[in-house]
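Novice: Once you've had a glance at the structure underneath, I'll fire off some questions.
The values are calculated or read from the model by the stated rules, or taken from the named source; none is laboratory data. In this text the structure is predicted, and so the values were computed from the model without any measurement. With ideal geometry, Cβ positions are generated from the backbone for all residues, glycine too; neighbour counts draw on all protein chains shown. In case anyone asks, the SASA skips ligands and DNA or RNA and just uses the protein heavy atoms, side chains included. Shrake-Rupley method; radii C 1.70, N 1.55, O 1.52, S 1.80 Å.
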Amino acid sequence: MKKEKIFLVFNTACFGDVLLCNTLCQNIKLNYPNSKIIFICDKPYYEAAKFQKDIDDVIIYDKKGNNKGLLGFFDFIANFPYKNPYCSFITYLNYRNILIAKFLKSKHIISENKKDKYLPVSLQHAKLLEQLTREKVLDLPIKYNIEQTLPSRLASRFTNDKKYIALCTTSKDETKDMPISTALDLINKIHKENYEVVFVGAGNKAKNYSEELKNNNCKFIELINQTSISELGRVSKNCEALISVDTGTMHLGCAVEIPVCAVFYKPKMTNKWAPRKELYNSTIIQENQTAENILKNTKLLMENNNV
């Protein structure tokens, strides 16, 4: 009997970056059906990896905690349960992760291919496999496999007689955030269409943004800092659509297969980061970012989803 091949996929960056590795993971499993795919990510994004299609196990590299510094680095290697992997994929050029792969005695180590830097990021990652197999990879949509049932503390915020649209207006980069005035207008317009707004996000900036909306008498269901990543996925699945700026929540909405209206305030980012219509029920707003236009395009997506 052939020995089971172990593949390591390293991405110790952020939420959305972790999700965008799933096209690579799916292609590995298609080419090596009996393989085991182990994902290595930073502690805050464990759940972003855990529920992805075709990932068998997730190992945390806690770069700000237990694995901080040189001692933490060697402790990670000493306690890593999958020694001598067949191949390690370093999805972003990261010398620490390359060293880990070497210390674990990976047979193959494949890192970021600079030639593909203008392709969509999920496809950039997937094409790393071509260096190993010499076969063309499939451009597959990312998949995040969770049930729709909400935990009781969140389920109590939703009722069966109403329909919901999720809204995410902030990211780590302030230049990508939705202006408050647009969000105010958008939420009011959504209410006039008889939808409730579920306001999602994380961090102090999102919380302050929410408070400013409330100070302007804006009504919505606030879930800022109230969900884990998997719970955010479940909340999204209970909504008719997601309207989001360019951030991890946008990718999660695509991965749980709901309509996503992606609002980009930095158009040069769309080629690499925006969801593509051929893979997802999505649209990109990179000009005419008015509340009216955002809502119009979101309604078209919802209609398409119900056909």
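Novice: For labels at ALA78 and LYS105 in the simple 7 Å Cα→Cβ model, what's the distance in nm?
Specialist: Placing both labels 7 Å along Cα→Cβ, they lie 1.8 nm apart.
Novice: Under the 0.36 nm per residue contour assumption, what length would be gained going from the current alpha-carbon distance of TYR95 and LYS64 to full extension?
Specialist: Working it through step by step, the gained length comes to 9.5 nm.
Novice: Same structure, new question: Specify which residue in the list VAL245, ILE60, ASN97 is farthest towards the positive end of the charge dipole of the chain, using unit charges on the beta carbon of Lys, Arg (+1) and Asp, Glu (-1), about the Cα centre.
Specialist: Of the candidates, ASN97 comes out farthest on the positive side.
Novice: Near LYS5, which lysines are there with a Cα under 24 Å away, not counting those fewer than 8 places off in the same chain?
Specialist: Leaving aside lysines fewer than 8 places away in the same chain, those within reach of LYS5 are LYS29, LYS36, LYS50, LYS53, LYS83, LYS102, LYS105, LYS107, LYS127, LYS136, LYS143.
Novice: What dipole magnitude, in Debye to the nearest 20, does segment 1-131 give about its Cα centre under +1 on Lys/Arg Cβ and -1 on Asp/Glu Cβ?
Specialist: 380
Novice: What ranking of ASP161, ASP185 comes out by heavy-atom accessible area, probe 1.4 Å, highest first?
Specialist: Descending order: ASP161, ASP185.
Novice: Using a ≥ b ≥ c from the Cα gyration tensor of segment 212-262 (square roots of the eigenvalues), is it rounded, prolate or oblate, where a/c under 1.5 gives rounded and otherwise the larger of a/b and b/c decides, a/b for prolate?
Specialist: Because a/c hits 1.5 or more and a/b exceeds b/c, segment 212-262 counts as prolate.
Novice: Between [x] 18.4; [y] 26.9; [z] 17.2, which entry matches mean projected area of the Cα convex hull in nm² as derived from the coordinates of this structure?
Specialist: [z]
Novice: Multiplying the sequence separation of ASN216 and SER152 by 0.36 nm and subtracting their Cα-Cα distance, what value in nm do you get?
Specialist: In short, 20.0 nm is gained.
Novice: Rounded to whole Hz and in sequence order, give me ³J(HN,Hα) for segment 268-273 from the Karplus expression 6.51 cos²θ - 1.76 cosθ + 1.60, θ = phi - 60°, writing x for Gly and Pro.
Specialist: 5, 8, 5, 4, 8, 10
Novice: Moving on to the next point. Quick check: at a probe of 1.4 Å, how many percent of the accessible area of segment 62-128 sits on carbon and sulfur atoms?
Specialist: 57
Novice: Any idea what the dipole of segment 176-270 comes to, in debye rounded to 20, about its Cα centre with Lys/Arg Cβ at +1 and Asp/Glu Cβ at -1?
Specialist: 180
Novice: Take every Cα pair under 8 Å in the chain that's 6+ residues apart, average their separations, divide by the length, and report that relative contact order as a whole percent.
Specialist: 16
Novice: If you don't mind, another one. Please work out how much length the chain gains when fully extended from LYS272 to ASN204, using 0.36 nm per residue of separation minus the C-alpha to C-alpha distance, in nm with one decimal.
Specialist: Additional length available on full extension: 21.8 nm.
Novice: Using a 1.4 angstrom probe on heavy atoms only, work out the carbon and sulfur share of the accessible area of segment 150-282 in %.
Specialist: C and S fraction of accessible area: 43 percent.
Novice: On average, how much accessible surface per residue is there in the chain, in Å², for a 1.4 Å probe, leaving out ligands, DNA and RNA?
Specialist: I get 48 Å² per residue for this part.
Novice: With n ≥ 4 as the cut-off for DSSP H runs, can you work out [θ] at 222 nm for the chain, using -39500 (n - 2.57) per run divided by the number of residues, rounded to the nearest 500?
Specialist: Taken over the chain, the calculation gives -10000 deg cm²/dmol.
Novice: Separation of segment 246-303 and segment 1-43 by C-alpha centroid, Å?
Specialist: 26
Novice: Can you pull the one-decimal nm distance between simple spin-label points at ASP139 and SER181, each 7 Å off the Cα toward Cβ?
Specialist: 3.8
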